[in-house]
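Data block below; observations after.
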Amino acid sequence: MQQIFDVQTNGPGLYEITDQLRPWARGSGLLTLFIQHTSASLVIQENADPDVQTDLQNYFARLVPPTTDPSMSYLTHVYEGPDDMPAHIKAALLPTHLCIPVTDGRLALGTWQGIYVFEHRDRPHLRHVVAHLG
Amino acid sequence: MQQIFDVQTNGPGLYEITDQLRPWARGSGLLTLFIQHTSASLVIQENADPDVQTDLQNYFARLVPPTTDPSMSYLTHVYEGPDDMPAHIKAALLPTHLCIPVTDGRLALGTWQGIYVFEHRDRPHLRHVVAHLG
Amino acid sequence: MQQIFDVQTNGPGLYEITDQLRPWARGSGLLTLFIQHTSASLVIQENADPDVQTDLQNYFARLVPPTTDPSMSYLTHVYEGPDDMPAHIKAALLPTHLCIPVTDGRLALGTWQGIYVFEHRDRPHLRHVVAHLG
């Protein structure tokens, strides 16, 4: 069983999609999520304190600064702006797919785990996430 | 077929779980492991020389230092101590789940590959790993 | 259905394997790829501009420099040369496995997504990738 979820983003950061996925998980099996992009990621992170999401975004903005930062001057793929190649690097460092066991119709997430699209580009994007239940 | 494995940790580092999983893998299929936490990870790494595990831990301790380090002063989620938010960041950088093919009742691991829980918190924790064989 | 693909590498960098995998994907399901090594990775990245691959390799070479770099002098697993332990660290930071949904006999990749073996060692290696279609 497969379905594509569209997620509208509006700048860098984490966008929670857990609630969209919950009703879709049925029976017992494995839910796989796959994002069809190389400048956005899927992550599982704490959903209790929103500061965690801000801190994560700020950490990755420092680990992979925009190409306007002198430390990144060696990068060559800069056609689409200073957030272009750093977005690809973040997409290598963070997951393109997630697998989550489904138990008796429930996602087997831990108490504090939420599922997020992590957007790495500055401009708004419509992101496609393929969900596969097997 | 699903089962939850409990793994007791005692401070940061890698805890091998390969041998616990071996007898559980049957037939041919895919074993998925999912850790129900946002401050610990699952990794596949070399199991021959224990120095690899120490080096890995030391690398990540430098890549994501505790919030007592001046370079991390921008982090705000610090309620549970200086290892709190760095643990979440490491959990974003490292896998929350693993998938390992099973062939004729054997995990299809390479010669030197072992499966580990990577603990990121200072205090002891009981970690839950969901195993799904499909 | 399982098969092992061999991929010959010749130094650090990305080696595309998308076209080798395409004919193997049939029906609808989930393709899992698993690399049986702890010093090479599997990544999904942009396949339009080859500069992206060069930039990725250069970024990771800076994030995890060889042990000849003074900043890495704390590493102890150095038996096989200055690229040995950094390769293990990169293999922790980047995926050991990928899952890609298959829809009507086609890999459900985004327009610009390609599948790559990311080699972290300096010398040539024959890498084994287990493919599982389920």
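What fraction, in whole percent, of alpha-carbon pairs in the stretch A:37-105 exceed 19 Å separation? Distances greater than 19 Å cover 45 percent of the Cα pairs.
Quick check for you: with a 1.4 Å probe and neighbouring chains kept, what is the accessible area per residue of chain C, in Å²?
38
What separates the C:Pro70 label point from its copies, with the point 7 Å along Cα to Cβ, is 1.9, 1.9 nm, written shortest first. When A and B come together, around 2300 square angstrom of accessible surface is lost from both chains combined, probe 1.4 Å. With a Förster radius of 56 Å applied to the beta-carbon distance between B:Arg106 and B:Ser73, the computed FRET efficiency rounds to 0.70. Considering every alpha-carbon pair of chain A, the percent of pairs per 10 Å bin, from zero through the bin containing the longest distance, is 12, 41, 31, 12, 3, 0.
With respect to chain B, whose longest principal axis is taken over its alpha-carbon atoms, helix B:51-63 is tilted by about 40°. Using only the Cα atoms of the protein assembly as shown, build the gyration tensor, take square roots of its eigenvalues as a ≥ b ≥ c, and label the shape rounded, prolate or oblate: rounded if a/c is under 1.5, else prolate if a/b is larger than b/c, else oblate. Cα axes put the protein assembly as shown in the rounded bin. Roughly speaking, what is the centre-to-centre gap between the stretch C:1-66 and the stretch C:67-97 when only Cα atoms are used, to the nearest Å? Cα centres, the stretch C:1-66 to the stretch C:67-97: 19 Å. Summing charges over neighbours of C:Arg121, with a neighbour being any other residue whose Cβ is under 9 Å away from its Cβ, gives -4 when K and R count +1 and D and E count -1.
Counting only protein heavy atoms and a probe of 1.4 Å, the accessible surface of chain A is 51% carbon and sulfur. A simple count of charges around B:Gly81, restricted to other residues whose Cβ falls under 9 Å of its Cβ and scoring Lys, Arg +1 and Asp, Glu -1, yields -2. Using θ = phi - 60° in the Karplus curve 6.51 cos²θ - 1.76 cosθ + 1.60, the 3J(HN,Hα) couplings for the stretch A:124-134 round to x, 9, 9, 9, 10, 10, 7, 9, 10, 10, x Hz; x is entered for Gly and Pro. For B:His125, nonlocal amide neighbours, meaning residues 5 or more places apart or on other chains whose placed amide H falls under 5 Å from its own, are B:Thr9, B:Asn10, B:Gly11. Peptide C:62-68 is shielded by partner chain Cβ atoms: per residue, an average of 2 of them sit within 10 Å of its Cβ. A helix-only calculation puts chain C at -5500 deg cm²/dmol for mean residue ellipticity at 222 nm, using -39500 (n - 2.57) for each DSSP H run of at least four residues, averaged over all residues.
Which net charge results when you count Lys and Arg as +1 and Asp and Glu as -1 among the other residues whose beta-carbon is under 11 Å from that of A:Trp112?
Numbers: positive: none; negative: A:Glu46, A:Asp49.
It works out to a net charge of -2.
List the chymotrypsin sites (Phe, Trp or Tyr not before Pro) within the stretch B:16-95 that DSSP assigns to loop and that have no more than 16 neighbouring Cβ atoms inside 10 Å. Before the final figure, lay out each step's value.
On the way: sites: B:Trp24, B:Phe34, B:Tyr59, B:Phe60, B:Tyr74, B:Tyr79; in loops: B:Tyr74, B:Tyr79.
Here the sparse-neighbourhood loop sites are B:Tyr74, B:Tyr79.
When each copy gets a label point 7 Å from Cα toward the beta-carbon at B:Asp19, what are the spacings between them in nm, shortest first? So the distances to the same position in the other copies read 4.7, 4.7 nm. Between the helical axis of C:84-93 and the dominant principal axis of chain C, each derived from Cα atoms, what acute angle in degrees is found, rounded to the nearest 10? Compared with the principal axis, the helix lies near 40 degrees.
The values are calculated or read from the model by the stated rules, or taken from the named source; none is laboratory data. The structure displayed is predicted, hence computed values, not measured ones. Cβ coordinates were reconstructed from backbone atoms using ideal geometry, including for glycine residues, and neighbour counts include every protein chain displayed. Note: accessible area is taken over every heavy atom of the protein model, side chains too, but ligands, DNA and RNA are not part of it. Shrake-Rupley method; radii C 1.70, N 1.55, O 1.52, S 1.80 Å.
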